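Trainee: I'd like to ask some things about the structure below.
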2 protein chains.
Amino acid sequence: MASSRREHLVDTALELFSREGYHATGIDRILAEAGVAKMTLYNHFKSKDELILAALRRRDERFRNWFMRAVEGRAKTPRARLLAIFDVLQEWFDSKEFNGCTFINASAEFGRPDDPIHGACAEHQQLVQGYLGELAAAAGATDPEALAGQLMLLMEGAIVMRHTAGRRDAAIKARGAAEILVERALD
Amino acid sequence: MASSRREHLVDTALELFSREGYHATGIDRILAEAGVAKMTLYNHFKSKDELILAALRRRDERFRNWFMRAVEGRAKTPRARLLAIFDVLQEWFDSKEFNGCTFINASAEFGRPDDPIHGACAEHQQLVQGYLGELAAAAGATDPEALAGQLMLLMEGAIVMRHTAGRRDAAIKARGAAEILVERALD
DNA sequence: CCAAATATATACAGACTTGTATGTATCGAA
DNA sequence: TTCGATACATACAAGTCTGTATATATTTGG
């Protein structure tokens, strides 16, 4: 398969970047873990930054896919889905491979707003908030974007409180706040 | 002065770590910027990690001091102070030297929960939330810790939305959500 | 004023970084 | 089965990293 190695390389890189960080993970480590030669990497990507970007794109695609399916599988009405968000988040937090948000972490290491890597992180957040906006609109919110923005604040806040502060119940607490905000927004 | 160089070293390190990141900032860069010899650093700190810890301690002290004073200078009643939090946050976001939260960023690079650096970040969050709890109690909340937890979620969420997603009005939006939560918690 | 503590500059060790160069082997399709 | 693309291993360049060693200079306290 032509691009099978490329895929495997991106997967391995994503895994290591998420666990160990971006600067802390060297190219050689990724290659050893993936069992791929260095020239194969530089044949597919022109630099480490390009590999990071590919890993972030994959993470974005996978995460949003998983997230949307999980939310929609867990609750049927649009309103219930606005709250199910936080049950799904909590499930993520409880999983063994939780290492914080890939994008929050990446934008911490690549802090300049004009860095393409930082831009990819902003784009991801935009897409997630867009999804929340769709849910809010389906639930009949008068100002779907405003509600989505509020829920987004709670989501990101929960991720930080789980990862940085180690609060295991961060998403449950966020759900409590979301219930109040959703109730207020839907009347 | 005995510890004047140490202080200057920590200040310079904090500045560079905040702007450029922790792994991305080399010891030599800090020394050059501070105008200090390498042996002076290793006389005061036994490793780079120790210097990072010292920088985080200084940042925690300075930030909480500034934050509490700013909140209390901006509003007089406990209830108003619970909302003034977000005005102060917005002021921070608008400042030129905003590079995200030092502690969120550090815990992104030092992701293992048992890492002392990660621990220092968790401690900082705990102290900030403690302050919010005091404000909530003074405002007469029936469950001050619960309200503090909710406001903390909005605070951290706002920081992420400002830094990672580039939302310049993140704190203003968070204030809107906080108004609803505070109103609900104080009756 | 002298002695002890502290800071200095320079050099270095040893490991690590990204990216390139080179020659060999493997694999898929014509 | 032969040709071309792709992947391989190895070596290397040129620079970075943290931390140590050494010898000289400066500052500070008694």
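No value in this document is a laboratory result; all are computed from the given coordinates. Owing to the predicted nature of the structure, the values given are computational and were not obtained by experimental measurement. Here the Cβ is made from the backbone with ideal geometry for all residues, glycine too, and neighbour counts use every protein chain on show.
Trainee: In square nanometres, what is the average projected area of the Cα convex hull of the stretch A:90-157?
Mentor: Across all orientations, the stretch A:90-157 yields a mean hull projection of 5.3 nm².
Trainee: Put a point 7 Å out from Cα along the line to Cβ at A:Arg19; what are the distances to that point in the other copies, in nm, shortest first?
Mentor: Its label point is 3.5 nm from the equivalent points in the other copies.
Trainee: Can you tell me the Rg and the Dmax, both Å, for the Cα atoms in the stretch B:56-185?
Mentor: 14.3, 40
Trainee: What net charge is computed for the residues neighbouring B:Thr102, neighbours being all others with C-beta under 15 Å from the C-beta of B:Thr102, Lys and Arg scored +1, Asp and Glu -1?
Mentor: Charge balance near B:Thr102 sits at -3.
Trainee: Follow-up. In percent, how large is the relative contact order of chain B, given Cα pairs closer than 8 Å and 6 or more residues apart?
Mentor: 21
Trainee: So what's the projected area for the protein assembly as shown, the Cα convex hull averaged over all directions, in nm²?
Mentor: For the protein assembly as shown, averaging the hull's shadow over all directions gives 20.6 nm².
Trainee: Out of A:Ser107, A:Asn65, A:Gly130, whose Cα points farthest toward the positive end of the dipole of the stretch A:55-185 (charges: +1 Lys, Arg; -1 Asp, Glu; placed on Cβ)?
Mentor: Going by the charge dipole, the pick is A:Asn65.
Trainee: While we're looking at this one, here's another question. Which trypsin sites (Lys or Arg not before Pro) in the stretch B:13-68 pass both tests, a DSSP loop state and at most 15 other beta-carbon atoms within 10 Å?
Mentor: B:Lys46
Trainee: Per Stokes-Einstein, at 37 °C and 0.692 mPa s, what whole-number D in µm² s⁻¹ belongs to the stretch A:1-52, with the Kirkwood radius over Cα pairs as the hydrodynamic radius?
Mentor: Result for D is 304 µm²/s.
Trainee: Put a point 7 Å out from Cα along the line to Cβ at B:Pro113; what are the distances to that point in the other copies, in nm, shortest first?
Mentor: List, nearest first: 3.5 nm.
Trainee: Suppose you put the label 7 Å out from Cα in the Cβ direction; list, shortest first and in nm with one decimal, how far B:Ser95 is from each other copy's label.
Mentor: Reported distances to equivalent positions: 3.7 nm.
Trainee: From the cross-link list A:Lys76/A:Lys173; A:Lys38/A:Lys96; A:Lys48/A:Lys96; A:Lys96/B:Lys38; B:Lys48/B:Lys76; A:Lys38/B:Lys96, which pairs have alpha carbons spaced over 32 Å apart?
Mentor: A:Lys96/B:Lys38; B:Lys48/B:Lys76; A:Lys38/B:Lys96
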